[in-house]
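The values are calculated or read from the model by the stated rules, or taken from the named source; none is laboratory data. Note that the structure is predicted; figures quoted are calculated from it, not measured. Counting neighbours? That spans all protein chains shown, and the Cβs are built from the backbone with ideal geometry, glycine included.
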Amino acid sequence: MTDTARVQAIHVAAEQGEPTTARERVRALAGRGLEGDRYCLADAEAGDEPDERAGGTFADREGSDLTLIEREALEAVERDYDIELEPGVHRRNLTTEGVALNHLDGARFRVGDVVCEGVELCEPCSYLERHLAEDGVREALVHRGGLRARILEGGVLTVGDRLEAL
C-alpha cells in the first residue's frame, strides 16, 4: 500500500436496484454497515430485527458492511475492454486509489478512523451485468471487482481519507 492510498469516492444506495448516491462523508457503523446503505444492518437497540438489512442481492453474505473497488481497476476495464463504468455504477461503496485491494483479503486495515477487515474478494456477478445492461462487464471485472469488508470500529468515512494496513 502506498502513502497515497486514499478514498476517491463514496457511494450508497438506499434500496436494492436504486442508483447509488455520491456522498462526501458517511457514518460507518461497526458490525452494521454504512448509514443509509441497503446493506446496513438494522439497529436492534431501536427495536429492529437484529439481522434485518434494508435489502440487497448479497444481504446474507458475510462482509456486506462495506465494499471497495480500485480506481485503477476501473481504468483497466476501460482500457482493456472499452467499457467505461461511470462513478458509482459498479455498486461498490468506496472507490479507492493507490492500494491493491486484493492484498487486503483477510487483513485488517484502516480507512480514516474506521477499522475494517477484508472478508473476501468482490468478484463480479451476473446481477451487475444485467443491472448495467453492458455485455462483458462480468468478465472485465474478474479479479478486479474489489473487496468485501467487515467494519470492526466505526466512525465517519470522508472522501480523501487515507487507507493503511494494520
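One residue stands out in segment 64-113 among those that are assigned to a loop (DSSP other than H, G, I, E, B) and of a type in the set (D, E, K, R): the one that is modelled with the lowest pLDDT, namely 86. Summed over segment 15-34, residues that are exposed (fewer than 15 other Cβ atoms within 10 Å of the Cβ), out of contact with any Pro (no Cβ under 9 Å at 6 or more places or on another chain), at pLDDT 90 or above and not hydroxyl-bearing (Ser, Thr, Tyr) total 3. Restricting the first member to segment 34-47 and to residues that are closer than 12 Å to residue 65 by Cα, and the second to residues that are surrounded by fewer than 12 Cβ atoms within 10 Å (Cβ to Cβ) and modelled with pLDDT of 80 or more, the beta-carbon pairs closer than 6 Å and six or more apart or on different chains are 38/15.
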